[in-house]
Every structure is written in structure tokens, then in C-alpha cells.
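See structure below.
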Amino acid sequence: MAAVAEQPDPGTLAGLYRQMLLIRRFEETVYYLFLEGEIPGTLHQYQGQEAVAVGICGLLRPTDWITSTHRPHGHALAKGVTPRAAMAELYGKATGCCAGKGGSMHLGDPAVGMLPAIAIVGGGNTVVTGIGLAFQLRRSDQVAVCFFGDGASNEGAFHEGMNFAAVRKLPIVFVCENNLYGASTPFHQVSALVDVADRAAAYGIAGYVVDGMDVLAVREAGAAAVASARAGDGPTLLECKTYRFVGHSRSDARGYRESDEEAAWKERDPIPRLRALLPPEAAAEIEQEVEATIEDAVEFARTSPDADPSEALTDVYA
Ligand SMILES: Cc1ncc(C[n+]2csc(CCOP(=O)(O)OP(=O)(O)O)c2C)c(N)n1
Ligand SMILES: [Mg+2]
């Protein structure tokens with residue numbers, strides 16, 4: 001694990017708390033709305049993993065890009081998709097970040113540097129090399145970040161993407177969110193290596209294990225990896241050990257997990273952990289703000305027009 005991180009200034013700490021809480025409350029709210037039948041489809045939720053998206057995306061510029069997965073709500077909000085645009089997308093509304101055509105598994109917006117999320121496991125791991133190569137060929141100092149799961153690390157795309165990025169020294173940070181399971185499959189049953197980070201050595205790049213339940217540790221490890229990519233020193237693999245507090249998707253009763261395992265990880269919830277570093281009044285003020293933001297987003301989504309069927313084939317490139 002990375003060393004204990006140095007504490008950022010109070011404004012930065014407050015910002016990290018606001019972002020993590022925004023994601024948590026967004027997720028809790030959409031779960032309720034999904035059960036009420038207001039949100040169609042299914043949801044793959046991010047409760048528990050907030051420190052990873054917030055720790056990394058807080059280091060990026062609007063012109064840096066990220067790729068994401070079937071579990072993209074946290075990445076989208078952390079990279080700058082507005083709560084209104086994200087909520088409206090989940091509702092299938094024309095005002096959503098993908099005009100209501102993508103839904104939960106495809107959140108994104110090129111305007112904020114997020115490729116609409118790819119739900120094919122490992123899909124982002126090769127696509128991100130194209131983004132990184134474009135940045136390199138243009139001689140820009142932009143950085144691309146690829147978020148992916150432990151399950152994706154056993155896909156061929158993981159290996160191809162890592163190798164290509166390493167050999168071409170592309171400006172990429174690979175961020176593995178190891179939440180211990182690929183759906184119901186425990187990672188230890190499908191990997192003889194304990195740490196995904198150790199695989200970096202096979203490609204000749206650095207890999208680090210990071211406490212993914214500590215936003216400051218993620219931020220510290222991420223800062224070095226982003227700086228290295230931006231300086232032209234090539235990719236890094238960060239493995240953030242984390243845990244999803246909810247099922248894989250909304251139909252998952254989590255029968256494959258022990259309740260004491262869940263309780264042990266809840267003890268490490270990144271949100272109260274950071275709150276303890278803030279003055280209580282400042283934290284309470286942020287909590288009120290976040291509630292108002294979420295209420296506003298729900299109201300916006302509810303009252304927005306549905307995506308128009310006549311638009312179904314616009315923005316389709318093949
Ligand atoms: C190529 C491919 N295989 C299988 C699936 C079905 N599937 C969706 S999510 C998932 C598990 C992914 O696990 P992981 O990469 O650890 O991400 P997590 O769900 O834990 O965030 C699977 C098998 C898929 N979407 N794509
Ligand atoms: Mg996983």
C-alpha cells in the first residue's frame with residue numbers, strides 16, 4: 001500500500017468530500033427511483049468505490065480524457081458530467097448527457113473529457129490506447145485514464161492495451177478498481193497472482209497497490225502517475241483495492257459474500273473517513289448543498305422531455 005498521504009489544504013479536502021458524497025447520494029437516490037419504477041433498465045452502482053473516481057479525477061484537467069465501464073456513475077460525476085445530465089440520461093431523457101440514448105451503462109460526454117462508457121468488460125483498455133496515441137501524435141500534454149475492474153484484468157484486451165501503451169510510452173494511467181469480485185466470481189479464484197499491480201512488470205512499467213478506500217492515498221499515487229504520463233514517461237498501472245457496498249447489479253442478492261466481509265469493508269467507508277478530517281460545520285454545510293443538488297437533478301430529469309424516437313439514428317456512425 002502507498003505510504004500515508006500528506007493532507008491537502010482545507011478547500012481541497014472539502015471538495016473531495018463534496019464529490020464523494022455527491023456520488024454516494026446520487027447512487028442511493030437512483031436506487032430508490034429504480035425500485036419505484038421511475039428509472040428503466042438496470043443499474044451497476046458505485047457505493048463504496050467513491051474514493052477511486054474522486055481521487056483520480058480531481059487530478060485531471062477538463063481536456064484530459066477518461067474511459068469507463070458498465071459501472072460509470074461515479075466516474076461521470078467525478079469527471080464533470082453534471083448531476084442533471086447524468087440523472088436525465090438514466091431516465092432516458094433528451095436532456096441526458098447522451099441525449100437519453102445510452103442510459104446507465106454509457107454515461108459520458110466528450111465536452112468534459114469522458115468517452116461514453118463501454119460496458120464490454122475490458123473494452124476501454126484498448127480504446128484508451130487510441131486516445132493516448134492521438135495525444136502523443138499531436139504532441140499535446142493531455143493524459144488519458146482507463147478505469148476498469150479486476151474482472152477486466154483477465155480479458156485479452158487488458159494485456160493488449162497494457163503492452164501497446166507501454167511499448168509506445170503512451171500518456172495513460174490504468175486504474176484497476178479491484179473490488180474483489182467480477183460479478184459473483186471472487187478474484188482469487190481466477191488469478192494466481194494476488195495483486196493485479198504485479199502484472200505491470202510483465203510490460204516493463206510500474207504498478208502500485210493503493211488503498212482504494214482512502215481518497216488521499218488514491219490522490220497521492222494518482223498524482224505521481226498522472227505527472228509521469230504528462231511528462232512523456234509513459235503509463236502506470238494503479239491497483240486500487242476497494243469494495244462495492246451493493247450488489248453487482250440491481251438483481252444481485254450477494255449470496256456469494258459473507259456478511260462479516262461486508263461489515264469489515266464498511267468500517268473502511270471512505271466518506272466518514274474523510275469527514276473526520278473536516279470541521280463538522282463545514283461538513284454539514286456540504287451535506288445540505290449535496291441534498292439540494294440531488295433534488296434539483298431528479299426534478300430536472302422528471303420534467304425533461306423523453307428522447308424523441310425520430311432522433312434514434314442521429315449520432316450513429318456505422
Ligand atoms: C466481454 C464481456 N464479458 C462478460 C460481460 C458480462 N459482465 C458484465 S460486468 C461483469 C463483471 C465485471 O467485473 P469487473 O471487471 O471486476 O468489474 P466490476 O463489476 O466489479 O466493477 C461481467 C462478467 C460483459 N459485459 N462483457
Ligand atoms: Mg470487480
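The values are calculated or read from the model by the stated rules, or taken from the named source; none is laboratory data. A quick note: this is a predicted structure, and the numbers were derived from the prediction, not measured. Cβ coordinates were reconstructed from backbone atoms using ideal geometry, including for glycine residues, and neighbour counts include every protein chain displayed. For the accessible areas, the whole protein counts, side chains as well, though only heavy atoms, and no ligand, DNA or RNA atoms are used. Shrake-Rupley method; radii C 1.70, N 1.55, O 1.52, S 1.80 Å.
Inside segment 167-202, residues that are away from ligand 1 (no atom under 16 Å from the Cβ) and either farther than 19 Å from residue 123 by Cβ or of a type in the set (D, E, K, R) (or both) make up a count of 9.
The requirement of being open to solvent by 20 Å² or more (accessible area, probe 1.4 Å) and hydrophobic (A, V, I, L, M, F, W, C) is fulfilled nowhere in segment 43-51; no residue meets it.
Look through 42, 63 and report the one residue that is more than 23 Å from residue 241 (Cβ to Cβ), in a loop (DSSP other than H, G, I, E, B) and modelled with pLDDT under 95. It would help to see each step written out before you state the result.
Working: 63 fails: modelled with pLDDT under 95.
Just a single option satisfies the conditions, and that option is 42.
Before we move on, is residue 73 buried (at least 18 other Cβ atoms within 10 Å of the Cβ), within 18 Å of residue 85 (Cα to Cα) and free of Cβ contacts under 8 Å to residues at least 60 places away in the same chain?
Judged against the criteria, residue 73 is a match.
Here is the figure for segment 128-152: residues that are in contact with a Ser or Thr (Cβ under 6 Å, 6 or more places away or on another chain) and away from ligand 1 (no atom under 11 Å from the Cβ) total 3. With the requirement that a residue be open to solvent by less than 30 Å² (accessible area, probe 1.4 Å) and farther than 19 Å from residue 248 by Cα, what does segment 99-111 give you? Residues satisfying the conditions are 100, 102, 108.
For residue 7, indicate whether it is in a loop (DSSP other than H, G, I, E, B) and open to solvent by 10 Å² or more (accessible area, probe 1.4 Å). When the stated conditions are applied, residue 7 passes them. Can you confirm whether segment 302-315 contains a residue that is open to solvent by less than 60 Å² (accessible area, probe 1.4 Å) and under 27 Å from residue 244 (Cβ atoms)? No, the conditions are met nowhere in segment 302-315.
Residue count for segment 212-247, restricted to those that are open to solvent by 10 Å² or more (accessible area, probe 1.4 Å) and closer than 18 Å to residue 23 by Cβ: 5. Under the condition of being out of contact with any strand residue (DSSP E or B) (no Cβ under 9 Å at 6 or more places or on another chain) and open to solvent by less than 90 Å² (accessible area, probe 1.4 Å), the residues counted in segment 284-301 number 12. Listed conditions (1) more than 17 Å from residue 162 (Cβ to Cβ); (2) hydrophobic (A, V, I, L, M, F, W, C); (3) open to solvent by 30 Å² or more (accessible area, probe 1.4 Å); (4) not in a loop (DSSP other than H, G, I, E, B) are all met by residue 253, apart from (4).
When segment 256-289 is filtered for residues that are assigned to a helix (DSSP H, G or I), within 30 Å of residue 40 (Cβ to Cβ) and among the acidic types (Asp, Glu), the ones remaining, listed by number, are 262, 287, 289. Taking the criterion of being under 12 Å from residue 177 (Cα atoms) and more than 14 Å from ligand 2 (Cβ to nearest atom), the only residue of segment 56-71 that qualifies is 56.
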